[in-house]
Amino acid sequence: ITLATKMTQAKVARAGLLDVIGAVGRENIQGEQQQKLDVYANNALIHCLGVRENVASSASEENEEPITFGGRSGSGKYIVLFDPLDGSSNIDVNVAVGSIFSILRAPDGIEAGEERAFLQPGTRQVAAGYAIYGPSTMLVLSVGNGVHAFTLDRALGEFLLTHRAMRVPQSTSE
């Protein structure tokens, strides 16, 4: 996921300079116009997840059917669900956009691509998070023990832990 977010942030950061703004002329399963950056982010995530032997399948709002990653030596014990680029229709007005994901264990006795493999309660999540692409790129992640944020250091090409144990304040105006 981190490699796909780095690839996507590079495109988002240069969106005004590259031919990546605008619709591609297709709708996703939500009935929304697919944007060029939606397709790019979706392909980046599918490719990066597909080379991981521990990922059995994935589902995206950009694809009608789940994608299974078979034919490898690994058993694939995880299922990844994602929205590759939430808010992409706002990219042409320079608003922050992001990638959202949820990671579940692949259930025993159910084929990885079956619909019921993806329909698990939220309490069964192994991890969840999002990446937000703006003036800086941040990856916010929960792996069962708090929420932590990592900011991409573009010079190093690495996400560095910048916010430990994030919490919503007791009182807030938002």
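The values are calculated or read from the model by the stated rules, or taken from the named source; none is laboratory data. Keep in mind that what you see is a predicted model, and the values were worked out from it rather than measured. FYI the Cβ positions are ideal-geometry reconstructions off the backbone, even for glycines, and counts take in every protein chain you see. These area figures cover heavy atoms from the full protein model, side chains too; ligands, DNA and RNA do not enter into them. Shrake-Rupley method; radii C 1.70, N 1.55, O 1.52, S 1.80 Å.
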So Ala4 passes all but one of these: (1) in contact with a Pro (Cβ under 6 Å, 6 or more places away or on another chain); (2) assigned to a helix (DSSP H, G or I). Which condition number does it fail? (1)
For strands (runs of 3 or more DSSP E) lying entirely in the range 23-104, having 2 or more residues that are more than 23 Å from Gln120 (Cα to Cα) picks out 23-27, 33-35
Of all residues in the range 127-144, how many are among the β-branched types (Val, Ile, Thr) and either in contact (Cβ under 8 Å) with a residue 60 or more places away in the chain or exposed (fewer than 15 other Cβ atoms within 10 Å of the Cβ) (or both)? 2
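Mind checking whether some residue in the range 20-38 is open to solvent by less than 40 Å² (accessible area, probe 1.4 Å), closer than 15 Å to Asp86 by Cβ and either within 15 Å of the chain's Cα centre (by Cα) or of a type in the set (D, E, K, R) (or both)?
Kept after step one, since they are open to solvent by less than 40 Å² (accessible area, probe 1.4 Å), are these residues of the range 20-38: 20, 22, 28, 34-35, 37-38.
Pick out the ones that are also closer than 15 Å to Asp86 by Cβ and you get 28, 34-35, 37-38.
Applying the additional criterion that residues be either within 15 Å of the chain's Cα centre (by Cα) or of a type in the set (D, E, K, R) (or both) yields 37-38.
Among the residues of the range 20-38, at least one is open to solvent by less than 40 Å² (accessible area, probe 1.4 Å), closer than 15 Å to Asp86 by Cβ and either within 15 Å of the chain's Cα centre (by Cα) or of a type in the set (D, E, K, R) (or both), which makes the answer yes.
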Here is a check on your reading of the model: is Glu158 acidic (Asp, Glu), open to solvent by 70 Å² or more (accessible area, probe 1.4 Å) and either touching a Ser or Thr at 6+ places or on another chain (Cβ under 7 Å) or modelled with pLDDT under 95 (or both)? no
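For Ser75, are the conditions met, namely being free of Cβ contacts under 8 Å to residues at least 40 places away in the same chain and closer than 13 Å to Arg52 by Cβ?
yes
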Scan of the range 69-103 for residues that are surrounded by fewer than 22 Cβ atoms within 10 Å (Cβ to Cβ), of a type outside the set (Phe, Trp, Tyr) and more than 30 Å from Arg14 (Cβ to Cβ), ordered by number: Gly70, Gly71, Arg72, Ser73, Gly74, Ser75, Gly76, Lys77
